[in-house]
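The numbers here are math on the coordinates, done by the rules we state, and not lab data. This structure is a prediction, so every number in the text was calculated from the model and none was measured. In this analysis, Cβ positions are derived from the backbone assuming ideal geometry, glycine residues included, and neighbour counts consider all displayed protein chains.
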């Protein structure tokens, strides 16, 4: 089930990247060849790019310095893995909490040219943060079991 969710997020990122590339190409053609501006496309590009960046961040393997972890014995290594995960979980919960606050604050705000609420920008924080949290917890559990 988790593998399917990861593949779904990867597919969503690929689709977002394709739409962003097509929309940016359209915007350049419209402005420099056809001679008209499309302000809605700039706002949509910004919104889609935020979704792409945050969903992509939820799916990546993040850099870390694991020299101490590798040098430690098995018990200390498990403690360090757990400590790292707890810090990351705390930061992700804080991110999601503030994302929900921003959704509430921008619920009635609209983009200038795009007929969409600004809260969709902040939903990306909540959705990607939740996915990131889920992936982090499952990967940490696998590490602690010795599967990864």
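Take residues that are crowded, with 16+ Cβ neighbours inside 10 Å and free of Cβ contacts under 8 Å to residues at least 24 places away in the same chain and tell me which of the helices (runs of 4 or more DSSP H) falling wholly in the range 54-148 contain 2 or more.
So the answer is 74-105, 119-145.
Could you pull out the residue among 133, 92, 121, 47 that is closer than 19 Å to residue 7 by Cα and within 14 Å of the chain's Cα centre (by Cα)?
Only one candidate qualifies: 133.
Does the range 25-36 include one or more residues that are over 30 Å from residue 145 (Cβ atoms) and within 21 Å of the chain's Cα centre (by Cα)?
The answer is no; no qualifying residue exists.
Among the residues of the range 1-45, count how many are in a helix (DSSP H, G or I) and either without any contact (Cβ under 8 Å) to a residue 40 or more places away in the chain or over 20 Å from residue 128 (Cβ atoms) (or both).
29
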